[in-house]
Amino acid sequence: MSTTLCLTRDELTELCRTSRKAGQVAFLRLNGIRHYLDAHGWPVVTRAAVEGQPEQAQASGTWKSNKAAA
């Protein structure tokens, strides 16, 4: 297992079977793989998005008002 947070360009090309930006973005959207676009329009995919690792859970709690009851 790699220790990098995101897939490399080569890994992304292998996953999507294309080296074109538009083709990669289309593949990721079609298959529901979470990603974002960097400043140059290239898709960025985290390893957790494709390896099935659970994302960090957000703290769940009940809402309590900090305003004193009148």
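Coordinate-derived values only; no laboratory data. In this text the structure is predicted, and so the values were computed from the model without any measurement. Using ideal geometry, Cβ is built from the backbone for each residue, glycine included, and neighbour counts are taken over all protein chains shown.
Figures for the structure shown
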| quantity | calculated |
| --- | --- |
| Spin-label pair R47/T18, simplified geometry with 7 Å Cα→Cβ offset, distance in nm | 2.7 |
| Pairwise label distance in nanometres, T4 with L30, each label 7 Å out on the Cα-Cβ vector | 2.5 |
| Anisotropy class of region 9-51 from Cα gyration tensor, a/c 1.5 cut | rounded |
| Environment charge at D38 (Cβ cut-off 12 Å; Lys +1, Arg +1, Asp -1, Glu -1) | +2 |
| For region 9-51, size of Cβ-based charge dipole, Lys and Arg +1, Asp and Glu -1, in debye | 180 |
